[in-house]
1. When the range 256-270 is examined, which residues are found to be touching a residue at least 24 places away in the same chain (Cβ under 8 Å) and either within 12 Å of the ligand (Cβ to nearest atom) or farther than 13 Å from Ala219 by Cα (or both)?
2. So which residues in the range 154-170 are within 19 Å of the chain's Cα centre (by Cα) and more than 14 Å from the ligand (Cβ to nearest atom)?
3. If I filter the range 106-128 for residues that are in a loop (DSSP other than H, G, I, E, B), within 14 Å of the ligand (Cβ to nearest atom) and free of Cβ contacts under 8 Å to residues at least 24 places away in the same chain, do I get at least one hit?
4. Run Leu161 past the list (1) modelled with pLDDT under 95; (2) touching a Pro at 6+ places or on another chain (Cβ under 7 Å); (3) aliphatic (A, V, I, L, M) and report the number of the one that doesn't hold.
5. Return the residues of the range 41-60 that are assigned to a strand (DSSP E or B) and either charged (D, E, K, R) or modelled with pLDDT under 95 (or both); say none if nothing qualifies.
6. Which condition does Leu252 not pass, out of (1) crowded, with 24+ Cβ neighbours inside 10 Å; (2) farther than 19 Å from Ser156 by Cβ; (3) within 9 Å of the ligand (Cβ to nearest atom), if it passes all the others?
7. Mind checking which residues of the range 217-252 are under 15 Å from Pro199 (Cα atoms) and in contact with a Gly (Cβ under 6 Å, 6 or more places away or on another chain)?
Amino acid sequence: MSKNPSYLFCGSSHTTLGKELSECMKITLGKLKLSQFPDGEISVEIQENVWGADVFVLQSLALNPNYYLVELLILIDALKRSSAKSITLIMPYFGYCRQDRKDKQGVPITAKLVANLLAVAGITRLITIDLHAGQLEGFFEIPVDHLHAQKILIKSAKEILKGTPVIVSPDVGSIKIGEKIASEMGTELAVIKKERISPTEIKKMELIGSVTGRPVIIADDICSTGNTLVAAANLCKEEGALQIIALVTHGLCIDFAFEKIEVSPIEKLFLTNTISHSYLSPKVTEVSICSLFCNSEIGAKK
Ligand code: R5P
């Protein structure tokens, strides 16, 4: 029996990106029925013949992560039980990634739990972008393609930059991303020491390095409430930065983040489209991640 063609099946978290990726990867968008039983249970029906096929699944675990996670697990199970040969999960934003270590008694490691759930459901390969910590790759026993969005974000930033920038990491966790951008642009890195009171509140920020009279690029993997970016931008302004641009891979942008950014010293925030938004404020520009897939070995070859 001959192998069926490749399909990309898209969960409900980001259908716009699903269409864009199916075009650039030249993979047919697979038909499926996603619905809910009256009590809220999720139901999935694959409406293609995937017997022996290499299939792709797209889902980002953002903004309604609990629902999208369960929907994804059920979708993978349905594909496995339909005898797909391989199931590659494209998860542009790996939700639950920030709880990645037991830093105090009584807390879980949700990143590992999600990795286990995906493996048990049946994925055979994962493609993801800018994991919160690179070592999360080691939570999987299957191949992981970890892609990075910094080059495409830099390309957009260059269009408005007014000189050679200083790259600013707004906390210690984002130093790796900052270093990547600084080395790509051949410039230096400054770091902010951030002290938090809670996951949404910042107590204190201290700049290590100089930004006086220079354009600044603040680089982070996630913008959630926007508090980190805005506090970092205020500090850079106080320290005499000439221009402030922010580059962020994953824009969760909850809790009035867009509104806070609009009234901040940030001139422009470039975000990728790993997370779906129905609205973007004027200072925010979305950059597509599709080129990471079109120009790589990841897409299906027809
Ligand atoms: C933290 O480790 C991340 O890199 C981001 O800095 C953080 O998630 C941003 O959160 P918020 O936008 O709520 O300040």
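The values are calculated or read from the model by the stated rules, or taken from the named source; none is laboratory data. Keep in mind that what you see is a predicted model, and the values were worked out from it rather than measured. No Cβ is skipped: glycine too gets one built from the backbone with ideal geometry, and neighbour counts run over all protein chains shown.
1. Of the residues in the range 256-270, the ones touching a residue at least 24 places away in the same chain (Cβ under 8 Å) are 256-258, 260-261, 264-270.
If the condition is that a residue be touching a residue at least 24 places away in the same chain (Cβ under 8 Å) and either within 12 Å of the ligand (Cβ to nearest atom) or farther than 13 Å from Ala219 by Cα (or both), then Phe256, Ala257, Phe258, Lys260, Ile261, Ser264, Pro265, Glu267, Leu269 are the ones that fit.
2. Quick first cut of the range 154-170, residues within 19 Å of the chain's Cα centre (by Cα) only: 154-157, 169-170.
Hits for the range 154-170 are Ile154, Lys155, Ser156, Ala157.
3. no
4. So Leu161 meets the others, but not (1).
5. Across the range 41-60, the qualifying residues are Glu45, Asp54.
6. (1)
7. Cys223
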